[in-house]
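A.B. asks: One structure, as structure tokens, below. Some questions next.
Each reported figure results from applying straightforward, stated rules to the coordinates on display, with no laboratory input. The structure presented is a predicted model; accordingly, all values stated were derived computationally and were not measured. Counting neighbours? That spans all protein chains shown, and the Cβs are built from the backbone with ideal geometry, glycine included.
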Amino acid sequence: MIHPAFKAAVGGLRLPEARLAEAVGLAQAIDLDIVYAEAVGVTKARPATLLGKGAVDRLGFEVTEREVALAVVDCHLSPVQQRNLEKEWACKVIDRTGLILEIFGARARTREGSLQVELAALSYQRSRLVRSWTHLERQRGGFGFLGGPGETQIEADRRLIGDRIVKLERELEDVKRTRDLHRKARRRVPYPIVALVGYTNAGKSTLFNTVTRAEVLAKDMLFATLDPTMRTLVLPSGRKIILSDTVGFVSDLPHELVAAFRATLEEVMEADVVVHVRDVSHPDTEAQAADVNAVLRDLGLGEVVDRGLVEALNKIDLLDEERRAEVFNQAKRRPEAIPISAATGDGLADLLAELDMRLGKERETIDVALALSDGASISWLYRHGEVTARRDDQTQAFMRVRLDPADVRRFQQRQAEGRGAHDRKI
């Protein structure tokens, strides 16, 4: 495992040691056995090998001595750099993009997740097909008059990959249409959607499991969750919401995955409230938060960031007293930041109360007139909303009610269906 620590980036947010530790965690997430890891200083990237000749030779010695079968370079390698390093070290070399694609391939469970992974992997693989593979060249035809020289192996591979990409894109369109139908079904019985986002391994799935009593895979592992998971949750006020656990974000997310996995974050685009789960015990927590916001903006979700996220400052149980006091003082200055421990349950009541308050702010006020005999609808409004005024005459109840936008739609649909049933009886 090699992390190139570029000198120009030393003044940035990330520590090379923390980035190296993350890269090791990524490799361990697919059960790779790490025998050597190093952060290598890079003053200027070399077009041929990225690293300087001295570093290439020294690391080549480590590769030989330790009988390394796979070297992971924690940055983006050009096809030429990857191929040259493989020649120098006589082992398979993959970059950060290839590693993350491997993890996604191992973790995807739903059909859409699997299709998205394959599409991203093929797009990446196509860029790795370089014309230096002359030893794979294959000619068809013979004398020229039968069509001349045929396609080379590299061209055949490109064509096969292109055909498969087209097929995958068609299949994904079908899957997306099905998911759109599911989303429309949720709108017919709509609850407010609260989406959890955050850096990978920040504790989103543990939080999701704790508050919903679900059994989503939650491990101290990068990218433990890939496919979005949704459950209903009742808040302290009695308000029902849909809670969505999403894929973890990571710095330098491969552009193939930004495009391919945008669909898995559509729940975030439609969310009424977004909770940014942060691991405040991590030394790079500020940089991770910046990465999450940057990825959201890259995905076209800048509006979600700008309207304000609820910040769940997670893993306070892992902090020493001084750091814990610092986090709580920070939260006092920023009401949107709530210290919690998803593992122990500390602070979760405050988090759920904040969600209640946020959703309450969005409430709409409507005036309705209902027949006194329609006790079911009147009771429904009391259960789901806040009745701020009511006046009855001999036959009707005139009510002013504050409801979540989702509940306004539910009530309107409920009334429309009731009128339809009445019309059918007549």
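A.B. asks: Give me the distance between the Cα centres of segment 92-118 and segment 277-327, rounded to whole Å.
C.D. replies: Centre-to-centre distance over Cα atoms comes out at 25 Å.
A.B. asks: Under the 0.36 nm per residue contour assumption, what length would be gained going from the current alpha-carbon distance of Ala343 and Glu171 to full extension?
C.D. replies: 58.0 nm
A.B. asks: Quick check: net charge around Gln81, other residues with Cβ under 15 Å of its Cβ, Lys/Arg +1 and Asp/Glu -1?
C.D. replies: +4
A.B. asks: So, R0 is 60 Å and r is the distance between the beta-carbons of Thr43 and Thr232; what FRET efficiency does that work out to, to 0.05?
C.D. replies: Step by step, r from the Cβ atoms, then E = 0.65.
A.B. asks: Here is a further query. Want the number for Ile366 to Thr178: 0.36 nm per residue separation, take away the alpha-carbon distance, what's left?
C.D. replies: So the chain would gain 64.3 nm between Ile366 and Thr178.
A.B. asks: If neighbour count is taken as other Cβ atoms inside 10 Å, put Glu321, Glu38 in order from fewest to most.
C.D. replies: In order of increasing Cβ crowding within 10 Å: Glu321, Glu38.
A.B. asks: What is the fewest-to-most order of Phe411, Phe398, Phe208, Phe61 by other Cβ atoms lying within 10 Å of their Cβ?
C.D. replies: Ascending number of Cβ neighbours within 10 Å: Phe61, Phe398, Phe411, Phe208.
A.B. asks: Take every Cα pair under 8 Å in segment 364-425 that's 6+ residues apart, average their separations, divide by the length, and report that relative contact order as a whole percent.
C.D. replies: 36 percent.
A.B. asks: Let me ask something else about it. Can you sort Cys75, Cys91 by how many other beta carbons sit within 10 Å, fewest first?
C.D. replies: Final ranking by Cβ density, sparse to dense: Cys91, Cys75.
A.B. asks: Once phi is turned into θ = phi - 60°, what whole-Hz ³J(HN,Hα) does the Karplus curve with 6.51, -1.76 and 1.60 give for every residue of segment 306-318, x standing for Gly and Pro?
C.D. replies: Running phi through 6.51 cos²θ - 1.76 cosθ + 1.60 with θ = phi - 60° gives 5, 7, x, 9, 7, 9, 9, 7, 8, 6, 5, 5, 9 Hz.
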